[in-house]
Structures are given as structure tokens and as C-alpha cells.
């Protein structure tokens, strides 16, 4: 198994992330849990990919592997460029002001105080938090905190942004605006984004491609290219139609697990699926 | 297809306005009460408590439980205290005691912090001495004095030895607990933005441990002050008048009014220093948003 993180020296290559036959097991021998099973996935430079799946599909495990926070048990992970990671919680540091939070990656990279403050203010401006730099994280709302976390991620000058259900805890209104924001940032920076969500409509709203993962073990079940023109709305018929198709496929996967209940596998009933029709003919 | 396909500039303008509106609705814009009001609201319960304590004390004296020369009332003690505050000897004693307190505390701070950090970082050290530190914390400092006097005689060093042993375990434990309770998400976030090794400690783990560390510092001060008073009663160094040995002297000469006046001084110094730590604690927690603004 190898992990390669190469700084971008050859921009002509178009693959930013490449997983080749990647498996990841936790625990040992007999009682090992296989989180990922023989995943092969390529993400092109500048692509916006959403990983969607029910509980236990190894979405977060995949991000950890790509981020280099974890190593695969089997297989190759190749990442071209630096990665930044955002979580469901903003994970801002409460002892720093919002500006200093955004500036910390720059400080760790050795940038001088004046420069990094200027850069942090620019980034805050970009996420519509201009003038909020002097405040403390707890003084911000959940949506504002996620925008600050986005600014902090952008400060890392990474080519790849990994997002682990970043808007999962936000209300629908705020999430809507953040979708617009993220789309804008993505299109203006050319970032490669891998976005994990259990919200199928969110995936259809944001991504170029939806990768559907199965659960326990996580495998690539299906892929859906999203050929809907941008800017999009989450409640547009195209987005909702695609979400319904993905949801049907996802439910078929979940049902398959219901049949395996004797094996003690978990139901995927805590996922949030779009308001789509529940009958489907995709069960196999 | 969405109907509002617009140019980028217009979309951005709209988005900016929507964010501004939402932020204004959602952000916690806590209004702070005026300074005078804040001071008054924290001061009056303390004043009331002091008045109540003096009242109970006076009531016990009036009940005739003990003779007046054994247990004088505040009406006798407070004038003596006032008189005491005007003497040079008293201030010399206070300055010697405070110098010992500060020196001992700073030593305990350094030793406790170094040990705490080492134990928090090194697994082997933790299993070896982790519980020993808690054990030392529960040991009454006065129990160290026989050993201290054997080792150092009736000297300043005997007192320092016990003050440091009294305070350092609390400080070390505060730091250990603080590092232990750093949320894993913070560490993960720190790693992701490029903090590693010493940088991770400097920028993430130690700041995150600060509130618990300050609680340990506060407790360490309480232990240091107690140990110091015990030390000054037991270890009387020649030509080094201190609050403790003035107290002992007052008892030997049956000057109960002076004795009680000195006890008030000890209590007040303890409270004042504790207030400083309390302030630091509240300031940190307010900055971090750990205090409910509706309070």
C-alpha cells in the first residue's frame, strides 16, 4: 500500500484523487469490521464530487484516507496536491478571534502578522463575513461559523477541499445560502471538492457527480453524473428528479441490508432522504 | 431549470444581502449591562455576607459563651486591626509573608507545570506517577513539616519545601486534566491546518487546556497559602517576623484581639488573591462563550 501526496508540479494531469482497490478494515482478524471494500474512484482536478450513502458506508473513512489522516489496509491512495478538511462542526478555536482562526494556518506556514491578517480579512470578505474578524466564534451563528471554517480551509491554499457533512447541523434556510456560497467559491477558485453527505438533494444541488456507496462494507454501488446547468436551486425539478432517482437506488441498497438482518447489520434508517416518492422498481 | 439565472455580480450582491440579513437575525448580540451595575451586582452579596458574619460573631460574644478576653467581639478586634495597619512591624511581617508566598508559588508553578506537561505527554510517566500526584494533592501539607525541619532545620527552605509540595500537585493535575480533556475534534482540526509536534501543543492543545489549568492554578494558590500559614506557625525563623509568627506570638502572650485581627488579615489576603484567579477564570470563560449571556 502506498500513499503519495505530490505537490502540484504537473498541472497537465487531470486526476486530483485516485483510489485504487482501496480497502480499510478496523480491528483485528476475526472481529475486524470492513469499512471500505475494494473502492476504486477517480476525482478530476476541479471536479465537485459528492459521496452519498446510508450509515456505515465509510464516507468519513474515505475522507480520512484522502486527507492522509489514515492509511488504507489494502490498495493505493494517490492525491495530487494539498488537502483541507471541513467537519460537521466548524471546529474553530474558541481562544482565538475569527480573524486569528482564519490566519492560524498562515501563521503555521510562517507568514508574518500583517500579511496573514490582511489575507484573513480578504478571505472573510470572500465568505461574506467582512468586518466580523474581531469577534469570537461563540458570538457567531452556526452558519457564520461554518463560513469562517470555510475561510480557514481556504487559507490553507489547498487544491483539494474535503467536506464531511459540513452543513448537516444547519437549518434549511442557512444551508441553502451556504450552497450558493460554496458553489461560488468553488467556481471562482477551481478547487477540487469531495463532499460527504447523507442528504441526496444536497448532493444533486451541488455536485458534478454523485457517488453512491453501499454500507458495511462500503463499496461504490453506483455513480450519477449531474448534468444540470448552474446556478442551480435545490427545489428545481431537475435537482429533485435526480435526487429521487438516487434515493430509489439508495433505498434498494438499504432494503438489501434489511434482508441481512440475521447477520446483525444495521439499518440505514437515520439518513435524510429527499421528499421523493417511496415506491420504486429498482430493487434487485 | 431555475428561473433566476443571473450574472455572477448580481448573484453575489444578492447573496451578500441575504447573509447580512440572516446573520443579523441569528448572531448572539449580547447586550452588556453597565460597569457600575455589574460591580454592584457582584459586590452587594459579599458585603451582605460580611455584615452577616460580623453579626453572628458579635451575637456569640454577647451570648457570654466565652469570656471577653478569650473571645473578643468585632467591636474590640476591628480597632486593634486598624491600629495594627498603622505599624511598620505589621507591614514588614506582611511583606515577608507575601514574599514567601510569591516565591513558593512561582516555584510550584514552574515545577508543577513542567511535571504536568511531561506526565500529560509521556504515557509511561503517566502510568508511573499519575496517581502519585493525586495522592500528594490529598496529603495535608502540615504532615510534611517534621521531614522538612529534619532536612532543612528551622529555615526559609523548610517553608518553601512544604509550600511547593502543597501547591505543585494541584497545578500539575490541572494541566494534566486540561490536556486530557482537549476535544479530539480540536486536535484533528489543528492537525489538518498544519499544526504538528511542538506547534500543535503551542497553538492547539495548551490553549485548549487553559481553563482547566487556571482552575488548577487557583487551587494551587489555596494550597500554597494554607501550607505557608502552617509553616509560619511551626517554623519560626529568627529575625524574620511574618504573619504566621505574629499570630503565634499573639497566642503565647494571650493577646486574643491581635490574634483575631491577624486571622482577619490572613483571610482577606487569601480572598483577594483568589479573586484575581477567579477574575482570570471568568474572563477566559466569557471569551470562549462558556458563560451564558442571559446570566
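No lab work stands behind these numbers, since they all come straight from the coordinates. From a predicted model like this one, the values you see are computed outputs, not experimental measurements. Methodologically, a virtual Cβ is constructed for each residue, glycine included, from the backbone with ideal geometry; neighbour enumeration extends over all protein chains shown.
Suppose R0 equals 35 Å; then what is the FRET efficiency for residue B:46 and residue B:154 from their Cβ-Cβ distance, rounded to the nearest 0.05?
Working: r = 38 Å, r/R0 = 1.09.
Taking R0 as 35 Å, the efficiency between residue B:46 and residue B:154 is 0.35.
Show me A:97-106, B:111-120 ranked by packing, highest mean number of other Cβ atoms within 10 Å first.
Those peptides, ordered most packed to least, come out A:97-106, B:111-120.
Ellipticity at 222 nm from helices only: DSSP H runs of n ≥ 4 in the protein assembly as shown, each -39500 (n - 2.57), divided by the residue count, give -18500 deg cm²/dmol. Against chain B, whose longest principal axis comes from its Cα atoms, helix B:156-180 is set at around 20 degrees. For the protein assembly as shown, DSSP calls about 40 percent of its internal beta bridges antiparallel. Note the angle between two axes, namely the Cα long axis of helix B:206-234 and the longest principal axis of the Cα atoms of chain B, as a number of degrees from 0 to 90, rounded to the nearest 10. It is inclined by approximately 0 degrees.
Inter-chain Cβ neighbour count for A:87-98, averaged per residue, equals 5 (cutoff 10 Å, partner chain atoms only). Protection proxy ranking, highest mean first, for peptides B:253-266, A:239-252: A:239-252, B:253-266, where packing is the per-residue count of other beta-carbon atoms within 10 Å, averaged.
Residues of A:171-181, mean number of Cβ from any other protein chain within 10 Å of their own Cβ, rounded to a whole number?
Per-residue shielding by partner chains comes out at 3.
In vacuum, with every alpha carbon of the stretch A:28-118 counted as one equal point scatterer, what does the Debye formula give for log10 I(q)/I(0) at q = 0.10, 0.12 Å⁻¹? Two decimals, please. For the stretch A:28-118, the Cα-only Debye profile gives -0.42, -0.58. Under the rule a/c < 1.5 gives rounded, and otherwise a/b versus b/c splits prolate from oblate, where does the stretch B:147-295 land using the Cα gyration tensor? Here the stretch B:147-295 falls in the oblate category. Look at the alpha carbon pairs under 8 Å that are at least 6 residues apart: their mean separation over the length of the stretch A:121-168 gives a relative contact order of 36 percent.
Per residue and in cubic angstrom, what volume does the convex hull of the Cα atoms of the protein assembly as shown have?
That works out to 234 Å³ per residue.
Share of pairwise Cα-Cα distances greater than 13 Å in the stretch A:83-157 is 58 percent (whole percent). Its alpha carbons give chain B an Rg and a Dmax of 26.7, 97 Å.
Legend: calculated FRET efficiency, residue B:125 to residue B:191, from the Cβ-Cβ distance at R0 = 25 Å, rounded to 0.05, equals 0.60. You can think of it this way: the chain between residue B:75 and residue B:16 has 14.4 nm of extra reach, that is 0.36 nm per residue less the Cα-Cα gap. Ordered from longest to shortest, the equivalent ellipsoid semi-axes for the stretch A:121-255 are 29, 15, 15 Å, each the square root of 5 times a Cα gyration tensor eigenvalue.
When you count the other C-beta atoms within 10 angstrom of each residue and take the mean per peptide, B:271-281, A:154-164 line up highest first as A:154-164, B:271-281. Against chain B, whose longest principal axis is taken from its Cα atoms, helix B:243-252 shows a tilt of about 30°. Any idea how far the Cα center of the stretch B:229-295 sits from the one of the stretch A:169-222, in Å? After rounding, the separation between the Cα centres reads 60 Å. Note on residue B:285 and residue A:28: the model spin-label points, each 7 Å out from Cα along the C-beta direction, lie 4.4 nm apart.
Other protein chain C-beta atoms within 10 Å of residue C-beta, averaged over A:230-238: 3.
Using r as the Cβ-Cβ distance of residue A:227 and residue A:255, and R0 as 30 Å, what FRET efficiency do you calculate, to the nearest 0.05? Working from the Cβ atoms, E equals 0.60.
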